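Rule-based calculations on the coordinates, nothing more; no lab input. Small disclaimer: the values here were computed from a predicted structure and weren't measured. Positions of Cβ are generated from backbone atoms using ideal geometry, with glycine treated the same way; all protein chains shown enter the neighbour counts.
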Amino acid sequence: MEKMPRWADVLLVPLISLIIAFLISGLVILAIGQNPVEAMRVMVTGALGSSYGWGYTLYYATNFMFTGLAVSVAFHASLFNIGGEGQATLGGLGVALVCLLIPWPHWSLALAAAIVAAAAFGAIWAAIPAYLQAKRGSHIVITTIMFNFIAAALLNYLLVNVLRPQGSMDPASARFAPTTNLPELGAMLNAVGIPFAKGTPANISLLLALVCAVAVWVLLWHTRLGFEIRSFGKSQKAAQYAGINPVRITMVAMLISGGLAGMMAINTVQGEANRLLLNSVEGAGFIGIAVALMGRNHPFGVVLASILFGFLYQGGAELALWTQIPRELITVIQGLVILFTGALGYMVQKPVEALFMRRRGAR
Amino acid sequence: MTLTKHLLGAAATLALFAGAATADPALIYDLGGKFDKSFNEAAFNGATKWATETGGTFKDLEITAEAQREQALRQLAGAGFNPVVTTGFGMSDPIAAVAPDFPDTKFVTIDGYVDPAAHPNVLSIGFAEHEGSYLVGMMAGMKSTTGTVGFIGGMDIPLIRKFGCGYAQGVVAAKADAKVILNMTGTDPSAWNNPTKGAEIAQAQKSQGADVIFAAAGGTGMGVLQSAKDQGILSIGVDSNQNHLFPGSVLTSMLKRVDVAVYDAMKAGPDLETGVKGLNLASDGVGYAMDENNADLVTPEMIAAVDAAAAKIKSGELVVHDYMSDNTCPAAQF
């Protein structure tokens, strides 16, 4: 059977799903007595209508790119890493330690060290569940989610008892030295003559995320390791028969996945807050699952889906700021988008496919 | 074409809000959300009281992410709202970053602390939670027949230890050999809104003998209060007066008058006096709640003893140890 053209599969289907999700969201907004057209306008102008809005949209998107890529890489090895939350928490600890303990002369050196620390801490946190899966057969879904709680408890303990400056009420680390502050996206673009609002949290981590996306693409489709990961994911037995070591692939895929999730913390901890907060991951590890699902586990799909979710976050903030729509409704909209683009993807795919088949038949 | 429309729309939105909002006060709730029946809701009640009394309007906002703290402050200050009142200690750092850019706007941080010398347009309001907790701890100690009482906090953070430490001191003051079981609900922010877990911990504490449980855990406290009622033991509410939630089962509530702080700030308006303000027993900033719902639970002797202690605390004769002052607690181990 012939399939529908690729552009329709990759672009048209998600777009239709998205439109359905927004239409239903509109009905919900209508049901609570608000104007859905006005709500949509506030969201779009607030998130995409100005460089200020973009600065926030891209900041959130950067988080989701890292966690989305993390989920994708593991997923290609048919490992469901839902521990991105905990791995990013540990990554934040790595970033904070590097920034607090060493007096960096320049941000670029601090960034390089932070990348190494964040990736290493995240990877270590993923390594234990990976080892248990590879050697003991403990299911990775269970162990990674349990490690999220352990990470939260560990960070809570360290912030309250060790890293918190004496007398501070807030369970957060001290501020990092100004020399570790990453350049803002706005400042970078202004330097090359592109006007962009200042004071937005988007920073150089965005470029790092995009580099990671390209690197993941190269890794998965243009290296021997990527081939092994994908073969292992498609059929473990066949891969084993072909001489691929399952323990090694499980470990390597999870280490890369954990490292990517950990690097998310560079954006929030070093790029935005300049200190380690108790709540610096804020569920981005879980949103990463939705982003990977929506992006069909392809790095470029992940980038696009991340921007969509960044739009939902920033648009949602504007909605809460300028309308009477309660913040819970923003969660409803996000849930509908995930439902239609991820879980119910086939619901749209089949009719669209049938439509293309009929057109082709008629011709 | 659509893009132009959006841009025009954005400009129109900004113009609209800039015009409408001049000198109205704004209130930003902490991540726990507006209707937590506790801390944030007390702030909302204070603002509502101001609005009904003066006929004024205020803008309120629930944030959903850490990065929105600074964003919301900038947007509201930029739109002309004054003063901008915030709840929760997480706001102090963002306020310190934003306040210098809006020198004519007054910012209020409730539970936070911003250096008044560096930021002359910020009012930091702190509460003496340990004093109020001490009083309800005394009540718990006197009311308990088993000699064991419980404390359930939200997250293990210094502020909650301050509550727990004051409570434990009060319990021990009333009954020297009493045992205080201290538990925290969780390690991530969901611990502030997890009534199921709160109910579970309340059951566990009862099985260890506790017959009065103080919940200082935001929305989680609802589960503690419910579970205490179901098991036939007593609970103590927090921040707002929660006696009415389960009449006859809530012994009392530790009042933290966030509503008064918000009301006063909004009433003062742009002429708000900045600096650092401590609200304690002496200034009626904290206390315990008595109404018809718990009148039968609290004996006149208990009230007499607690009021005597309150008078001593006010006069300075009795000093309740503040956990935050040196990160230690004489009556409890965290």
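With both labels modelled 7 Å from their Cα along Cα-to-Cβ, the B:Ser325 to A:His106 distance reads 5.0 nm. May I ask you to list, by number, the DSSP H helices of chain A whose Cα span along the axis is at least 20 Å and whose average Kyte-Doolittle hydropathy reaches 0.5 or more? Helices meeting the criterion: A:13-31, A:51-76, A:84-101, A:107-131, A:140-158, A:205-222, A:246-265, A:299-322. From least to most packed, judged by other beta carbons within 10 angstrom and beginning with the fewest, B:Lys162, B:Lys49 follow the order B:Lys49, B:Lys162. Using a cutoff of 8 angstrom between alpha carbon atoms and counting only pairs six or more residues apart, the relative contact order for chain B works out to 19 percent.
Per the Debye formula on identical point scatterers at the alpha carbon atoms of region A:92-189, with no solvent, log10 I(q)/I(0) at q = 0.16 Å⁻¹ is -0.83. Each listed q (0.06 Å⁻¹) maps to a log10 I(q)/I(0) for the protein assembly as shown, found by the Debye formula over equal Cα scatterers with no solvent: -0.38.
Taking other C-beta atoms within 10 Å as the exposure proxy, B:Glu200, A:Glu272, B:Glu62 rank B:Glu200, B:Glu62, A:Glu272 from fewest upward. A crude spin-label estimate for the pair A:Tyr346 and A:Ala174, with each label 7 Å from Cα along the Cβ direction, gives 5.7 nm. Using only Cα atoms, locate the centre of region B:125-188 and the centre of region A:307-350, then give the distance between them in Å, rounded to an integer. So the separation of the two Cα centres works out to 41 Å.
Stretched out straight at 0.36 nm per residue, the stretch from B:Asn45 to B:Ala268 would grow longer than its current Cα-Cα span by 78.6 nm.
Mind giving me the FRET efficiency for A:Val141 and A:Thr331? R0 is 22 Å, r the Cβ-Cβ distance, nearest 0.05 is fine.
In this case the efficiency is close to 0.40.
Counting every other Cβ atom within 10 Å of each residue's Cβ, B:Arg69, A:Arg327, A:Arg358 order from fewest to most as A:Arg358, A:Arg327, B:Arg69. Please list, in chain and number order, the residues 5+ apart from B:Ile63 or on another chain whose amide H is under 5 Å from its amide H, with Hs placed from the backbone. The list, which skips near neighbours in sequence, is B:Tyr29.
Can you tell me the 0 to 90 degree angle between the C-alpha axis of helix B:220-230 and the longest principal axis of chain B, rounded to 10? Once rounded, the angle reads 30 degrees.
Over region A:65-306, Cα pairs under 8 Å with separation of 6+ residues give a relative contact order of 41 percent. Near B:Tyr288, the amide H atoms lying under 5 Å from its own belong to B:Leu255; only residues 5 or more places off or on other chains count, and H is placed 1.01 Å from N.
Within region B:177-259, the ratio Rg/Rh, alpha carbon atoms throughout and Rh by Kirkwood, equals 0.95.
Partner lysines whose Cα lies under 21 Å from the Cα of B:Lys267, excluding those fewer than 8 positions away in the same chain, are identified as B:Lys34, B:Lys49, B:Lys59, B:Lys106, B:Lys256, B:Lys277.
Normalised radius of gyration (Cα atoms, divided by 2.2 N^0.38 Å) for chain A: 1.04.
Cα convex hull of region B:203-334: how many Å³ per residue? Mind dumping the intermediate values first?
Numbers: hull volume 20.4 nm³, N = 132.
So the per-residue Cα hull volume is 155 Å³.
If the segment from A:Glu38 to A:Val116 were pulled out straight at 0.36 nm per residue, it would be longer than the present Cα-Cα gap by 23.6 nm.
Given a Förster distance of 51 angstrom, what is the FRET efficiency for A:Ile244 paired with A:Gln324, based on the Cβ-Cβ distance and rounded to 0.05?
0.35
Restricting the GluC sites (Glu not before Pro) of region B:236-334 to loop positions (DSSP other than H, G, I, E, B) with no more than 16 neighbouring Cβ atoms within 10 Å leaves B:Glu273, B:Glu292, B:Glu317. Angle of helix B:300-315 to the longest C-alpha principal axis of chain B, folded into 0 to 90 degrees and rounded to 10: 50°. Give me the base-10 log of I(q)/I(0) for region A:175-246 at each q in 0.15, 0.19, 0.23, 0.26 Å⁻¹, Debye formula, one uniform scatterer per Cα, rounded to two decimals. Rounded to two decimals, the profile gives -0.66, -0.80, -0.99, -1.09. Between A:Met357 and A:Val214, the C-beta separation translates, for a Förster distance of 41 Å, into a calculated FRET efficiency of about 0.70.
Mean residue ellipticity, 222 nm, helices only, chain A: the sum of -39500 (n - 2.57) across DSSP H runs of n ≥ 4, divided by residue count and rounded to 500, is -22500 deg cm²/dmol.
The label point for B:Glu53 and the one for A:Val28, both projected 7 Å from the Cα toward the Cβ, are 3.8 nm apart.
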